[in-house]
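Encoded as structure tokens, the structure appears first; notes follow it.
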Amino acid sequence: MISNDEILAFDRPVVLVGAAPVQIGKALGALPESWPLIAADGGANALLKIGRRPDLVIGDMDSAGPLPDDLPKLPLAGQDDTDFEKCLARICAPLIVGLGFLEGRLDHTLSAIHAFTALSHDRPVMLVGDTDLVLRLRGDIAFEAEPGDRVSVWPLGFQAFQGSTGLKWALDGLQMEAGRLIGTSNVAAGGTVRINAGFGDGYALIMPRKAAQSLINAALDGA
């Protein structure tokens, strides 16, 4: 039995599935089956529809349909935070890869980005959608990118950057802040992109979905 305030600690990345009405089968199939599979509320239905069974369901259970009685569940009441936030508050893993949180509804996407701004830890969290992915980071990262890949850099609050290499427009000395300066539609030169982050609240990399494996590798190398 899992208590409501228990932290679920994993030594491997965790796949977290939400209920956004997008196709998750292809993205899920590209991830190792050995990674724990957790559903945020209605994400359980999305998994069961494609023949996958979550290891655990977390949330207030207001959007989950009928679920098998023997499916492990962690019911959490409360409307002050979303099911995604409830999951992030309880999962401790080297990396969380979220599917079914982007591109279904704009308000749900914005609430997911809001959840990123509220995270107090430094561990990376990635959301993968039909078109794009978003990787929440604190600190430096180095990853491989194809020439011309879009690399948007968004501050999650205030974020200073010491420098970068491998981008068309360098981040050297920039101080980004929501409502003031953001880094939309930067472009990879090809090869290794390095971002050296200074003081700040964290930032998000927004890239095409095809970059998922490269960023997963980079996030785990830095874990």
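Observations on the model:
- The combined condition, being touching a Lys or Arg at 6+ places or on another chain (Cβ under 9 Å), surrounded by fewer than 20 Cβ atoms within 10 Å (Cβ to Cβ) and without any contact (Cβ under 8 Å) to a residue 60 or more places away in the chain, is fulfilled by Leu71.
- Qualifying residue in the stretch 166-181 (condition: free of Cβ contacts under 8 Å to residues at least 40 places away in the same chain, among the polar types (S, T, N, Q) and open to solvent by 30 Å² or more (accessible area, probe 1.4 Å)): yes
- Just one of the listed residues (Pro54, Pro21, Pro68) is touching a helix residue (DSSP H, G or I) at 6+ places or on another chain (Cβ under 9 Å), at pLDDT 90 or above, more than 20 Å from Ala219 (Cβ to Cβ) and not charged (D, E, K, R), and it is Pro54.
- Within the stretch 57-89, the residues that satisfy the criterion of being within 17 Å of Gly100 (Cα to Cα) and under 18 Å from the mean Cα position of the chain (by Cα) are Val57, Ile58, Gly59, Thr82, Asp83, Phe84, Glu85, Lys86, Cys87, Leu88.
- Number of the exception - Ala212 against (1) part of a loop (DSSP other than H, G, I, E, B); (2) within 21 Å of the chain's Cα centre (by Cα): (1)
- Of all residues in the stretch 190-208 being free of Cβ contacts under 8 Å to residues at least 60 places away in the same chain and under 19 Å from Asp132 (Cα atoms), the one that is nearest to the chain's Cα centre (by Cα): Val193
- Only strands (runs of 3 or more DSSP E) whose full extent lies in the stretch 144-202 are considered here, and the ones with at least 1 residues that are among the small types (Gly, Ala, Ser) are 150-155, 158-165, 183-187, 191-200.
The values are calculated or read from the model by the stated rules, or taken from the named source; none is laboratory data. The structure displayed is predicted, hence computed values, not measured ones. Note that each Cβ is placed from the backbone with ideal geometry, even for glycine, and that neighbours are counted across all protein chains shown. Surface areas here come from the heavy atoms of the whole protein model, side chains and all, with no ligands, DNA or RNA. Shrake-Rupley method; radii C 1.70, N 1.55, O 1.52, S 1.80 Å.
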